[in-house]
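The values are calculated or read from the model by the stated rules, or taken from the named source; none is laboratory data. None of these values were measured; they are calculated from a predicted model. With ideal geometry, Cβ positions are generated from the backbone for all residues, glycine too; neighbour counts draw on all protein chains shown. These accessible areas exclude ligands, DNA and RNA; they are computed on the full protein's heavy atoms, side chains included. Shrake-Rupley method; radii C 1.70, N 1.55, O 1.52, S 1.80 Å.
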Amino acid sequence: MTLEPLLSSFVPIWALTAVGYLVGRTGLLGEQAEAVLGRFVFHVAMPAALFTMLAGAPLGSFANPSVPAFAAGTLVASLLGWAAARWLFDRRPADRAISAMAAGYVNSANLGIPVAVQVLGDASFIGPVLLFQVLLVTPVILTALDLGTGGGGAGAGPGRRLSRLLGMPLRNPVILASALGAGCSALGWQLPTALAHSCSLLGGAGVPTALITLGLSLHGRPATTGSSRRAEVGVVVLTKNLIQPLVALAVGGLLELSDRQLLAVVLCSALPTAQNVFVFAREYGLSTVLPRNAVLCSTLLSMVTLSVVDWTLTP
């Protein structure tokens, strides 16, 4: 992979984050801009994007033999992120879930697609990665966040915890939209063209708005909900950018994947932390410092790690 195509994939992330920082610095949108835009992404744009993507995705792509290798890397990285937050940095349960997600949840959409096209020639493996993260990883993370921050916490009885868990799909727009999209895909249902186009337009606002919100959080005051240590950010970023792709490489080798399949798995595993982590932390009132810095630092480091993956594994 030459440097120019790689930079073209990363520039929009830096540019939109910089725009958000400038908007925050000038006070153009007022003091509540970060909160309002964060809620818009979580409750409106992200559900629309997930519904549109899943409704048009064949669920049979889960049968891809490369998915177990990617899943293994995600699982190991997420568990290491959780363990570091628990035993090294003594974080509370909800913050451990954010640490786990920051260490193992890749930016598969707005970075994964252009990078895969540049390296592999197509983005066919991104579909199974998106499905795996949206249908399996995201509900687990959101369940942990819900139980760790709401009425399902330590003071709630077993009955209340169970009722909150069963009712989460109806309360959480991300899980609800994902379930509806997967259901439409399984049943072969399609929205009318005009309505589907409206959902697509609305969902298209999710990534740029999330990056603007990320930039807003960089200006002025530190995150009001807590702080993060540099060592914690370093552990998460190294886990995300180095350990996750190495685990995927090892498992892919054991599964005897083809050279192309192995390259796709390791390349996707080496993608940086997705901005969704910041959005979730913001929505649940948790410290946004760790996810914010993890997104920025892992994105910067991934320019090196993705180039190394391409150089070493491309036949």
Residues Gln32 and Leu136, FRET efficiency given R0 of 41 Å [Cβ-Cβ distance, rounded to 0.05]: 0.75
Compactness index (Cα Rg / 2.2 N^0.38 Å), the range 269-315: 1.42
Ordering of 279-286, 298-305 by packing [mean C-beta count within 10 Å, highest first]: 279-286, 298-305
Sorted peptide list for 258-270, 188-200, criterion being average Cβ within 10 angstrom, highest first: 258-270, 188-200
Space enclosed by the convex hull of the alpha-carbon atoms of the chain, per residue, Å³: 139
The range 18-57 - Rg (one decimal) and Dmax (whole number), Cα, Å: 13.8, 41
Within the accessible area of the chain (1.4 Å probe), percent carbon and sulfur: 68
Options Trp14, Thr288, Thr52, ranked by Cα towards positive dipole end of the chain, top entry (Cβ charges): Thr288
Average projection area in nm² (convex hull over Cα atoms of the range 225-301, one quarter of hull surface): 5.5
The chain - percent relative contact order, Cα under 8 Å, separation 6 or more: 33
Viscosity 0.692 mPa s, temperature 37 °C, Stokes-Einstein D of the range 97-138 from Kirkwood C-alpha radius, µm²/s: 302
Cα-based radius of gyration of the range 1-130 once divided by 2.2 N^0.38 Å, which approximates compact folds: 1.28
Length added when fully stretched, Phe40-Gln190, from 0.36 nm per residue minus Cα-Cα: 51.5 nm
